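The values are calculated or read from the model by the stated rules, or taken from the named source; none is laboratory data. No experiment lies behind these values; they were computed from the predicted model shown. Glycine gets a Cβ as well: all are built from the backbone with ideal geometry, and neighbour counts include every protein chain shown.
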């Protein structure tokens, strides 16, 4: 491939990452291209600069190719700047939602080193993701329900100490309710929290279309019931569960948080406590019924959710779609929420998150923190990157703040 062609492709990828192509039909390819280019912007920038430097030393220089390389470098530099700006954006969101003194309520203030971009671990992010820290152990494929491997979970915990009554995080993977596994998403966050003394649980759940909705939310609730009954044996506190997930996992984690102990979605374990104390959904789907009036939602409902996930048409059973929409299940007793969404999400528009947060703030009696991440695509937290490293540490601060608040409140409550 010629230098000009390489630079033309790089420029197109960069342009799509800076401003993704709009439209329902191009959402998936625009997402994949923009996601990888945006999260790997430092790497693409280094390759572009090296390619241009080698080419410029040759006898036949291509001014058009060099101009394209220069434009790409500028765009990639802008993407790197946007990623680094996430640190301040999420910190602003935390202080707005929790108060200016929330840092004072942590066990220790974050040091400058903890807030800095961890460049060394980002050089080869996929190796970092695959290898993992030595101070975290993982117990894999523990059964929590009757559906075989789709009802297995993994437990992440510190390798160098024994825990007792530690806070618990439940991670629900995404994948459009049709694909995905417990070992594919949320890994940076779970490893980070486990190294700090949390017990993290990642689950599989049944997938559509083989198992239509509500099989997915039933499995999530069954995993919560399993945690209540069994997590103490792994050092966790069964009375404190935080739940998180991205995309379809964001939908399921938000829905589970908003529908505790719903007997309709707890067949055979109706009396189990499936409440959670806090939810941290990422780039989630909050409306599957079309209640927001967003055209993107109704298109997704009629072209994908209905025929593939629910295996029924909205017109035939609108109540099923409405019951599955977190934005329609908000009550004053909703738990605390920390919602994250990217402004450039090509798969789930940021308007869904904005409307969901507005409704939470209108109805819920608990705290609601919302971080809208400039330039972020869908799946921004799947592997280590500049952006995801700052997000992981912001969630760390938020969850430790919440855990401390929970302990203070319960210590002050008479038995």
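So, in region 348-395, how many residues would count as being in a helix (DSSP H, G or I) and under 25 Å from residue 111 (Cβ atoms)?
Count: 10.
Of all residues being exposed (fewer than 14 other Cβ atoms within 10 Å of the Cβ) and more than 22 Å from residue 82 (Cα to Cα) in region 1-25, which is modelled with the highest pLDDT? Just the residue, please.
Across region 1-25, the extreme among qualifying residues is 5.
Have a look at 294, 255 and point out the one that is out of contact with any strand residue (DSSP E or B) (no Cβ under 9 Å at 6 or more places or on another chain), crowded, with 24+ Cβ neighbours inside 10 Å and at pLDDT 95 or above.
Only one candidate passes the filter, namely 255.
Does residue 367 count as at pLDDT 95 or above, in the same structural domain as residue 174 (by TED's automatic domain parsing), over 15 Å from the mean Cα position of the chain (by Cα) and over 22 Å from residue 301 (Cβ atoms)?
Spelling it out, residue 367 is indeed at pLDDT 95 or above, in the same structural domain as residue 174 (by TED's automatic domain parsing), over 15 Å from the mean Cα position of the chain (by Cα) and over 22 Å from residue 301 (Cβ atoms).
With out of contact with any helix residue (DSSP H, G or I) (no Cβ under 7 Å at 6 or more places or on another chain), part of a helix (DSSP H, G or I) and surrounded by fewer than 16 Cβ atoms within 10 Å (Cβ to Cβ) as the only criterion, which of 85, 67 stands out? I'd like the intermediate steps shown before the answer.
On the way: 85 fails: surrounded by fewer than 16 Cβ atoms within 10 Å (Cβ to Cβ).
Every option except 67 fails the conditions.
Per-residue answers, yes or no, for (1) in contact with a helix residue (DSSP H, G or I) (Cβ under 8 Å, 6 or more places away or on another chain); (2) within 23 Å of residue 219 (Cβ to Cβ); (3) touching a residue at least 60 places away in the same chain (Cβ under 8 Å); (4) in the same structural domain as residue 380 (by TED's automatic domain parsing):
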position	(1), (2), (3), (4)
291	yes, no, no, yes
299	no, no, yes, yes
328	yes, yes, no, yes
333	no, no, no, yes
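Please give the number of the condition residue 115 fails out of (1) surrounded by 13 or more Cβ atoms within 10 Å (Cβ to Cβ); (2) without any contact (Cβ under 8 Å) to a residue 40 or more places away in the chain; (3) farther than 20 Å from residue 183 by Cα.
Result: residue 115 fails condition (2) only.
Run down 236, 246 and say which single residue is touching a strand residue (DSSP E or B) at 6+ places or on another chain (Cβ under 9 Å), closer than 19 Å to residue 213 by Cα and buried (at least 24 other Cβ atoms within 10 Å of the Cβ).
246
Does residue 209 satisfy being surrounded by fewer than 24 Cβ atoms within 10 Å (Cβ to Cβ) and assigned to a strand (DSSP E or B)? Steps first, answer last, please.
Details: surrounded by fewer than 24 Cβ atoms within 10 Å (Cβ to Cβ): yes; assigned to a strand (DSSP E or B): no.
So residue 209 does not fit the description; no.
Looking at 72, 83, which is the one that is over 27 Å from residue 406 (Cα atoms), modelled with pLDDT of 95 or more and under 22 Å from the mean Cα position of the chain (by Cα)?
Matching residue, one of 72, 83: 83.
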